[in-house]
Amino acid sequence: RFYEKVQALHQDPKASVDNPLLAFSLIKRLHSDWPNVIYSDEATENTNALHAGFKEVEQELPGAEDLDGAARALMRLQDVYALSVKGMANGVFQKAGVTRPPLYSPGRRVSLSADDCFHVGKVAYDTGDYYHSIAWLEEAVSLFRLSYGSWNPEDRSSLEDALDHLAFSYFMAGNISHALSLSKEFLHYDPSNRRVARNVVQYEKLLEMGGCHDPPPHCCPPSHTLLGLLSPQTALDHLPLLGCSYETNGSPYLLLQPAKKEMVRIQPYVALYHDFISDAEAETIKGLAGPWLQRSVVASGEKQQKADYRISKSAWLKDTADPVVRALEQRIAAITGLDLRPPYAEYLQVVNYGLGGHYEPHFDHATSRKSPLYRMKSGNRIATVMIYLSAVEAGGSTAFISGNFSVPVVKFWWNLRRNGDGDGDTLHAGCPVLAGDKWVANKWIHEHGQEFRRPCSADPRD
């Protein structure tokens with residue numbers, strides 16, 4: 001039965017990576033559903049063989065951190081793209097309360113089970129995030145009600161579990177009357193539960209006193225820092241001094257095949273380059289980076305550490321790693337006119353953003369002299385070149401906050417003004433991946449070595 005369920009979901013193995021709902025259900029199935037089958041009463045006759053086989057692969061399977069991270073990714077997609085939880089549970093990526101076409105339409109619609117929704121809600125519940133726990137547990141309760149009485153060996157939760165957690169979430173959010181009605185429904189299924197019976201008495205007393213329970217400050221909808229970044233992209237053809245051109249930048253390297261440049265913004269200076277890298281080159285770079293990928297870190301004071309606001313894996317490639325990397329660096333040097341020789345530029349960073357992968361608003365340049373960037377003794381990051389190595393089906397753009405615009409593909413921007421000050425208009429974010437797999441390569445170029453390539457202006461304020 002379990003095998004038939006898996007086979008039905010994964011008729012197209014590659015689609016599992018693209019659809020975040022399929023990816024979440026795959027991680028959950030490997031972490032919790034499959035062990036439930038292994039240790040079920042139905043498996044007693046084959047217990048020894050099953051346990052031995054499971055132990056062999058257990059270390060390679062997703063862990064609790066992976067499953068919780070996948071649940072948080074679904075909540076992140078819910079927030080940033082204003083998705084309906086009921087729609088997501090039904091496999092539809094539709095904005096809540098609107099009748100527009102879905103943001104993403106997978107080839108096969110995959111719905112979440114009541115137990116799936118319960119787990120997402122439970123992850124929010126365990127962190128005191130009652131805004132999200134209510135939305136997901138409501139959907140879990142609704143689905144459990146439809147199938148109450150039927151037994152599913154993979155499920156860890158039940159209607160009673162969902163009602164119990166949902167009632168307390170509503171209580172913490174200040175809705176005591178709804179918490180009371182859900183608790184009474186719980187007692188209908190489990191009348192001997194003393195704890196819930198005591199809760200009912202407590203809720204009734206609070207309502208008699210006028211419902212004086214003050215909801216904690218964290219029960220309100222969390223303000224997600226990416227909200228508002230994804231408004232419709234500004235019509236570029238109405239902006240002055242913008243256009244497309246073939247650029248040689250004075251480089252012999254570009255004489256026979258000029259770069260296809262599209263100016264997106266003057267302030268901050270952001271340019272797109274089309275047909276900059278071939279599919280074969282992108283696959284080579286991804287293949288070189290794959291074995292070295294590790295969880296991405298961010299600068300924190302004088303140290304570097306992992307952070308929830310940057311969810312990705314990254315690796316660093318020297319130009320000696322492969323002729324493709326060396327050719328790409330030559331191309332970057334040609335279009336920017338900057339010196340990329342060590343230590344004037346960092347190695348090529350290759351980043352993979354998976355399920356809901358994102359990077360909240362940040363600057364590429366250092367904002368403190370204590371930043372680890374200055375250990376290179378080559379100054380601050382003067383410029384960024386970002387290259388998309390894969391086509392993302394939905395989401396995943398780079399959003400610039402001050403200009404309220406987002407851009408895909410290969411782009412180049414100046415992080416510093418000509419006087420060496422950081423450009424505050426370059427605050428940007430990597431929007432969460434809604435569908436597909438996002439690979440990018442970053443080249444960060446530093447101040448030293450560029451003195452005669454990008455000289456100071458006569459105006460000290462520039």
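For 293, 137, give the ranking by accessible area with the largest first, probe 1.4 Å.
Working: 293 40, 137 0 Å².
Sorted by accessible area, descending: 293, 137.
Once phi is turned into θ = phi - 60°, what whole-Hz ³J(HN,Hα) does the Karplus curve with 6.51, -1.76 and 1.60 give for every residue of the range 143-159, x standing for Gly and Pro?
6, 5, 4, 5, 10, 4, x, 8, 10, 10, x, 7, 6, 9, 10, 8, 4
Taking 51 Å as R0, compute the FRET efficiency from the Cβ-Cβ separation of residue 66 and residue 453 and round it to 0.05. Before the final figure, lay out each step's value.
On the way: r = 45 Å, r/R0 = 0.88.
Efficiency, from the Cβ-Cβ distance: 0.70.
What number, in percent, do you get for the relative contact order of the chain if the mean sequence gap of Cα pairs under 8 Å and at least 6 apart is divided by its residue count? Provide the component values of the computation, followed by the final result.
On the way: 796 pairs, mean separation 62.0, N = 462.
Averaging sequence separation for qualifying contacts and normalising by length gives 13 percent for the chain.
When the Karplus curve 6.51 cos²θ - 1.76 cosθ + 1.60 is applied with θ = phi - 60°, which whole-Hz ³J(HN,Hα) does each residue of the range 438-447 get, with x for Gly and Pro?
For the range 438-447, the Karplus curve yields 9, 10, 9, 10, 10, 10, 9, 10, 9, 5 Hz.
Once you sort the root eigenvalues of the Cα gyration tensor of the range 233-446 as a ≥ b ≥ c, which label holds: rounded (a/c under 1.5), prolate (a/b larger than b/c) or oblate (the other case)? Walk me through the numbers on the way to the answer.
On the way: a/c = 1.15, a/b = 1.11, b/c = 1.04.
Verdict is rounded for the range 233-446.
When the helix-only estimate is applied to the chain (DSSP H runs of n ≥ 4, each -39,500 (n - 2.57), divided by the residue count), what is the mean residue ellipticity at 222 nm, nearest 500 deg cm²/dmol?
Values: 14 runs with 157 residues, N = 462.
Result for the chain: -10500 deg cm²/dmol, rounded to the nearest 500.
Using Cα positions and a limit of under 19 Å, work out the lysines in reach of residue 184, with same-chain residues fewer than 8 apart set aside.
Cross-link targets: 205.
Among 402, 94, 110, which residue has its Cα positioned farthest towards the positive end of the charge dipole of the chain, with +1 placed on the Cβ of Lys and Arg, -1 on the Cβ of Asp and Glu, and the dipole taken about the Cα centre?
402
Taking θ as phi - 60°, what are the ³J(HN,Hα) couplings along the range 188-202 by the Karplus curve (6.51, -1.76, 1.60), each to the nearest whole Hz, with x for Gly and Pro?
3J(HN,Hα) across the range 188-202, in whole Hz: 4, 8, 9, x, 8, 6, 6, 4, 5, 4, 5, 4, 4, 4, 5.
Around residue 106, under 11 Å between beta carbons, what's the net of Lys plus Arg minus Asp minus Glu among the other residues?
Numbers: positive: 108, 109; negative: 12, 18, 393.
Result for the local shell: -1.
Under 20 Å between alpha carbons, and skipping anything fewer than 8 positions from residue 370 in its own chain: which aspartates and glutamates qualify?
Here the aspartates and glutamates satisfying the reach criterion relative to residue 370 are 302, 346, 421, 423, 447.
Relative contact order for the range 382-444: what is it in percent, counting Cα pairs under 8 Å that are at least 6 residues apart?
Taking the mean separation of contacting Cα pairs over the length of the range 382-444, I get 53 percent.
Rolling a 1.4 angstrom probe over the protein chains, ignoring ligands and nucleic acids, what is the accessible area of residue 99 in square angstrom, nearest 10?
140 Å²
So for each of 70-82, 46-58 I average, over its residues, the number of other beta carbons within 10 Å; can you give me the resulting order with the highest mean first? Display every interim value, and only then the final one.
On the way: 70-82: 22.5, 46-58: 11.4.
Highest-to-lowest ranking by the protection proxy: 70-82, 46-58.
What's the magnitude of the charge dipole for the chain around its Cα centre, counting Lys and Arg as +1 and Asp and Glu as -1 at the beta-carbon? Answer in Debye, nearest 20. Walk me through the numbers on the way to the answer.
Details: 47 positive and 55 negative charges, 256 e Å.
Result for the chain is approximately 1240 debye, rounded to the nearest 20.
Considering amide H positions built from the backbone, and no H for Pro or chain starts, which residues 5 or more places from residue 265, or on another chain, come under 5 Å of its amide H?
Amide H neighbours of residue 265, under 5 Å, 5+ apart: 270.
If each residue of separation counts as 0.36 nm, what is the full-extension length gain between residue 146 and residue 295 once their alpha-carbon separation is subtracted?
Numbers: separation 149, 0.36 × 149 = 53.64 nm, distance 4.03 nm.
Contour length minus the Cα-Cα distance gives 49.6 nm.
Which entries of 313/443; 286/313; 286/318; 411/443; 95/122 show an alpha-carbon separation above 18 angstrom in the structure shown? All intermediate terms of the calculation are to be shown ahead of the outcome.
Values: 313/443 16 Å; 286/313 12 Å; 286/318 14 Å; 411/443 11 Å; 95/122 23 Å.
Where the Cα-Cα span goes over 18 Å, the pairs concerned are 95/122.
For the range 1-209, taking Cα atoms only, what is the radius of gyration to one decimal and the Dmax to the nearest whole Å?
Calculated on Cα positions, Rg and Dmax stand at 18.7, 60 Å.
Going by accessible area, probe 1.4 Å, with all protein chains left in place, what is the ranking of 122, 28, 184, largest first?
Values: 122 60, 28 5, 184 100 Å².
Ranked from most to least accessible, the order is 184, 122, 28.
Only one of the values (1) -0.27, -1.28; (2) -0.34, -1.33; (3) -0.39, -1.25 was calculated from this structure for log10 I(q)/I(0) by the Debye sum over Cα atoms at q = 0.06, 0.14 Å⁻¹; name its label.
This structure yields the entry labelled (2).
Could you tell me the accessible area of residue 125 in Å² (1.4 Å probe, neighbours in place), rounded to the nearest ten?
Accessible surface of residue 125 is approximately 50 Å².
Accessible area per residue of the range 132-193 at 1.4 Å probe, in Å²?
Numbers: 2700 Å² over 62 residues.
Heavy-atom accessible area per residue stands at 44 Å².
So, in nm, how far is label residue 100 from label residue 40 when the simple model puts each one 7 Å beyond its Cα toward the Cβ?
Result: 4.2 nm between the two label points.
Of 192, 251, 402, 296, which has the most accessible area and how do the rest follow, probe 1.4 Å? Working shown, then result.
Numbers: 192 95, 251 25, 402 70, 296 0 Å².
Solvent-accessible surface, decreasing: 192, 402, 251, 296.
The values are calculated or read from the model by the stated rules, or taken from the named source; none is laboratory data. What you see is a predicted model; the values in this text were computed from it and never measured. Quick reminder, even Gly has a Cβ in these numbers, built from the backbone with ideal geometry, and neighbours come from all protein chains shown. Remember, those area values only see protein heavy atoms, side chains included, never the ligands or the DNA or RNA. Shrake-Rupley method; radii C 1.70, N 1.55, O 1.52, S 1.80 Å.
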